[in-house]
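Encoded as structure tokens, the structure appears first; notes follow it.
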Amino acid sequence: MAQLPSRKNVRRGTVSALAATLTLSAAACGGNLSGGGDGEAFPQGPVTLMVGQDAGGSTDLIARALAEGASDELGVAMPVVNTPGANGALAANEISGEKPDGQNLLLINASLTAITPLAVPDGAIDINDFTVVTGVSRDDYVLVTASASELDTLQDLIDSDDELKFGTTGVGTGSQLSQELLFEQAEIAGTAVPFDGGSPTMTAVLGEQVDVAAIQLGEAIGQIEGGELVPLLTFSDERNQYLPDVPTADEEGYDVQVSQYRAVVAPKGTPEATVERLREAFTAAFGTEQYDSFNEANLLTAHEVGADQVIDEWAGYRESYQAMIEEYGIDLSEEQ
Amino acid sequence: MDLSSMIEGFGVVLEPTNLLYCLIGVVIGMLVGVLPGLGPAATIAILLPLTFGIEPVTAIIMLAGIFYGAQYGGTITSVLLRLPGEASSVVTVFDGHVMARQGRAGTALGIAAIGSFVGGTVSIVALSLLAPVIAGFALAFGPPEYTALALLGILLVATVGNGGRVKAVIAACVGLLLATVGRDMFTGAERFTFDSLSLADGLDFVPIAMGIFGIGEILHGLEERNQAAKAPAKVANVWPSLADLRQASGAIGRGSVLGFLLGILPGGGATLSSLAAYAMEKRRSRTPERFGRGAIEGVAAPETANNAASTSSFIPLLTLGIPANATMAMIFGALLIQGVSPGPQLLSEEPELFWGVVNSMYIGNILLLIMSIPLVGLFVRILRVRSTILAPITVLITLVGVYTVRNSVFDIALVIVFGVIGYLMKKFGFEPGPLVLAFVLGSLLESSLRRSLLLFDGDPFGFLTRPISGTLLLVLAVVIVLPLARALLRRRAPERELESSDV
């Protein structure tokens, strides 16, 4: 019993002190590869990488993998600090209030700026309110059904006579948006049933409490490989490299492109030289073999694009999603 | 079941490195269990970077040790300080601390250690045998079943407290109300958040529990000049007497089974099972009035159940890849870092890891039993410090501990607010237990109920069409109606005699 007790009672924690010491000692051993130059002005001591999600979640794991590589390159510790709350908005607001000196960074999810505002317009977070350091990676949503169910293809969903229940990982998430758009475009009758995150949603599909759900690939892959879940399609713009046989919604003729992108951002107004130095550090982190195998293990697709592209893409998604939900008359914040 | 790979699993555990990390894990677990505010999930998060360099099975053996070790340690402060080290030891406070005041702290700790050992061991054996079978059963628990369970739990809350029934109900209602704070999960609407993002996800359980139980108690004690956080002078006679053992044996047996079953449920766990085990013992007892006044079953049952549950909560993770609670989520994360994705294929692809971890729990529980009885003396010595020193330190640890959970200054303020509320409740005779427990179950009840109604297209009779939720609701109805009916019958009995004589 209790998604809740588990969510509320146990202390998920974080870490800074020990992690800091560890990375510090690691850095001391590894040395500062690039040395001198503008390194005198920046960094001034440890660079904090904040995460708006709980420790142990996928965003947190990515931050830790990144921090390890980047701190080696910067020559200072990079502790990961979790400040979960309000889908990550709490951490985002905290970072925008920091001094723009590059000492405090945030690993931010695209859904916070592009999808959450569609459901919760108050206090929406805008990617333009930050200085973007670099894009990081892409995490795809996959539409799954239980292999025990009779729904094995998208056509089965369309042909179904019953009104389907689709599980979402929460209100204002990519999981909800992607399915609302698909169901609307394919004219499938369905009711959204929101759960609290990926794992309870998957449990609901496995137990056939809901007929279908969109889950981030990394969370569902074990069950897909184990034959418990059937992947129907992904919502990315190209086929996912880890699921080459599964078509995208686009290929099936539906205009639904929803993925979870992540980027590293700094407070607005961070000096260009500092941003450049940080970008170098993260590029070095991207280049390590360790980080590569991390991406592979977590089924993440590298999307290490520049700042301008991040802003263009994210702002573009927000606009197109806004247009689409208006076109199809979808209200993400209403029970149907 | 593949017996040979299970036996090979023992070979894995008995490697010196793995034994050493198992020992390290359980010692750390016990320590964080003793310290209120620092829980197993936080500890695992802190130690996660250390596991990068070691073998997956070794890493998980250590992290698992932290988890169940904390269940042993959490008891100690519950009994000695009336300050639950872990949420799952909250109910142990009721009888454990009373026993300590009666000079039977040693007996309470001893029986808790023995119960934990039995519960843990029973649970591991059952895990080994039933893991595949159980997995299918756990999935049958959907929103309607959780709704019924939460309702039953809230009803049980009223029987847990020892103040008046009415005051317990009032406290439980306040708990339910507090659970409504936060952004509505289904519509995104703000409820009682006052535009504060810190309240958007609702109030967190930890600051409420720490404030009401921890700070509230210390304040109340200071007012009484009774030095509330005083450890008993002596913990003599850690080994429970034969009579104690006989009295507690039934509770330990039932607690093992109940804890095991509740721990399997996704999201289930040590906290709920300890509460349920306590309530069950109180219900079953021929002398329920002893509960809350130092009944040894009141310590044995929840401590057995929480350890059994913490072991069995590995089942959904290892068989389905579903973390049952936040600590399991941390271990899930640790496995992913190691490149192992937990799921249905784990048992066939990585039998060494599966059985290595499962079998390490036998060893870990034996280590804990061996250590905890002699170490009780040591922990007591740590805790036997004057309250003028201990109270401020406890407050400090509480505040720091609460901060580390979410790195949130707001939570520190919450602890203080709920500390004052806890103090006032205590002063006016309200039991804090029902408030805290109703708070936990309240959000579960709300979200499960609304989810169920979405699934049933708004038809409330849907609950009765599913076997498990239907049965649970039937039990609920019986629990409500039976005492009422009995009371009515007793009152009506004379009247009926009159009626029948009229006819």
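The values are calculated or read from the model by the stated rules, or taken from the named source; none is laboratory data. Just so it is clear, the model here is predicted, and its values are computed rather than measured. Counting neighbours? That spans all protein chains shown, and the Cβs are built from the backbone with ideal geometry, glycine included. Please note that ligands, DNA and RNA were not included when accessible areas were found on the heavy atoms of the full protein model with its side chains. Shrake-Rupley method; radii C 1.70, N 1.55, O 1.52, S 1.80 Å.
Could you give the size of the charge dipole of chain A about its Cα centre, using +1 on the Cβ of each K and R and -1 on the Cβ of each D and E, expressed in debye and rounded to the nearest 20?
Values: 14 positive and 54 negative charges, 387 e Å.
Magnitude of the dipole: close to 1860 debye.
What angle do you read, to the nearest 10 degrees and between 0 and 90, between the alpha-carbon axis of helix A:307-327 and the longest principal axis of chain A?
20 degrees
What residues qualify as long-range amide H neighbours of B:I296, i.e. H under 5 Å apart, gap of 5 or more or another chain, H built at 1.01 Å from N?
Those qualifying (amide H under 5 Å, at least 5 residues apart or on another chain) number zero.
Say each of B:Y362 and B:F10 gets a label point 7 Å from the Cα, pointing the same way as Cα to Cβ; how far apart are those two points in nm?
0.5 nm
Treat every Asp and Glu Cβ in region A:149-255 as -1 and every Lys and Arg Cβ as +1, leave all other atoms uncharged, and give the resulting dipole magnitude about the Cα centre to the nearest 20 debye. Don't skip to the end; give the middle numbers.
On the way: 2 positive and 23 negative charges, 93 e Å.
Charge dipole, region A:149-255, about its Cα centre: 440 debye, nearest 20.
At 1.4 Å probe size, put B:K426, A:K268, A:K165, B:K282 in order of accessible surface, largest to smallest. Walk me through the numbers on the way to the answer.
Working: B:K426 60, A:K268 125, A:K165 15, B:K282 35 Å².
The residues order as A:K268, B:K426, B:K282, A:K165, largest area first.
I'd like the accessible area for B:V478: 1.4 Å probe, protein heavy atoms, all chains in place, Å² to the nearest 10.
80 Å²
Between A:A192 and residues 5 or more places away or on another chain, which pairs have amide H atoms under 5 Å apart, with H built 1.01 Å from N, and which residues are they?
Under 5 Å from the amide H of A:A192 lie the amide H atoms of A:F166, A:Q336, each far enough along the sequence or on another chain.
Treating the angle as unsigned and between 0 and 90°, give the value, to the nearest 10°, between the Cα long axis of helix A:272-287 and the longest Cα principal axis of chain A.
60 degrees
Ballpark to the nearest 100 Å², how much total accessible area do A and B bury together, probe 1.4 Å? Mind dumping the intermediate values first?
On the way: alone 14790 and 21770 Å², together 30830 Å².
Chain pair A/B: roughly 5700 Å² of buried accessible area.
Compute, for A:S58, the solvent-accessible surface of its heavy atoms (probe 1.4 Å) with the complete set of protein chains present, and express it in square angstrom to the nearest 10.
40 Å²
Report, by chain and number, residues whose modeled amide H sits under 5 Å from the one on A:L229, excluding near sequence neighbours (fewer than 5 apart, same chain).
Amide H neighbours of A:L229, under 5 Å, 5+ apart: A:S147, A:I224.
Calculate the FRET efficiency for B:F194 and B:L396 from the Cβ-Cβ distance with a Förster distance of 30 Å, rounded to the nearest 0.05. Spell out each step's value before the answer.
Values: r = 29 Å, r/R0 = 0.95.
About 0.55, to the nearest 0.05.
For region B:169-184, in order, what is each residue's ³J(HN,Hα) by Karplus, 6.51 cos²θ - 1.76 cosθ + 1.60 with θ = phi - 60°, in whole Hz (x at glycine and Pro)?
After applying 6.51 cos²θ - 1.76 cosθ + 1.60, I find 5, 4, 4, 5, 5, 4, x, 5, 4, 4, 5, 7, 5, x, 5, 4 Hz.
Please give the residues of region A:299-334, grouped as numeric ranges, whose backbone N is less than 16 Å from a label point set 7 Å along the Cα-to-Cβ vector of A:A189.
Flagged as within label range: none.
With every protein chain in place, what's the accessible area of A:V144 (1.4 Å probe, Å², nearest 10)?
My reading of the accessible area for A:V144 is about 0 Å².
Positive end of the dipole of chain A, charges at C-beta (+1 Lys, Arg; -1 Asp, Glu), about the Cα centre: which of A:G306, A:S96, A:L233 has its Cα farthest in that direction?
Highest projection toward the positive end goes to A:S96.
List, in order, the whole-Hz ³J(HN,Hα) value for each residue of region A:236-242 obtained from phi through the Karplus relation with A = 6.51, B = -1.76, C = 1.60 and θ = phi - 60°; use x for Gly and Pro.
The phi angles translate into 7, 7, 9, 4, 6, 4, 8 Hz.
Can you work out the accessible area per residue across chain A, with the rest of the protein chains kept in place, probe 1.4 Å, in square angstrom?
Values: 11800 Å² over 336 residues.
Here the per-residue accessible area is 35 Å².
Can you compute the charge dipole magnitude of region A:256-319 about its Cα centre, using +1 on each Lys and Arg Cβ and -1 on each Asp and Glu Cβ, nothing else charged? Give it in debye, rounded to the nearest 20.
280 debye
What do you reckon, how do B:C22, B:C173 stack up by accessible area (1.4 Å probe), largest on top?
B:C173, B:C22
Classify region A:149-255 as rounded, prolate or oblate from the Cα gyration tensor: take a ≥ b ≥ c as the square roots of its eigenvalues, call it rounded if a/c is under 1.5, otherwise prolate when a/b beats b/c and oblate if not.
rounded
Can you find, among A:A67, A:N87, A:Q53, the residue sitting farthest towards the positive end of the charge dipole of chain A, where Lys and Arg contribute +1 and Asp and Glu -1 at Cβ?
A:A67
Dipole of region A:149-255 (Lys/Arg Cβ +1, Asp/Glu Cβ -1, origin at the Cα centre): which of A:T248, A:I224, A:A189 lies farthest to the positive side?
Comparing the listed Cα positions along the dipole, A:I224 ranks first.
Explain nothing, just compute: Karplus ³J(HN,Hα) = 6.51 cos²θ - 1.76 cosθ + 1.60, θ = phi - 60°, for every residue of region B:450-461 in order, whole Hz, x for Gly and Pro.
Ordered by residue, 3J(HN,Hα) equals 5, 4, 4, 5, 5, 5, 8, 6, x, 8, x, 6 Hz.
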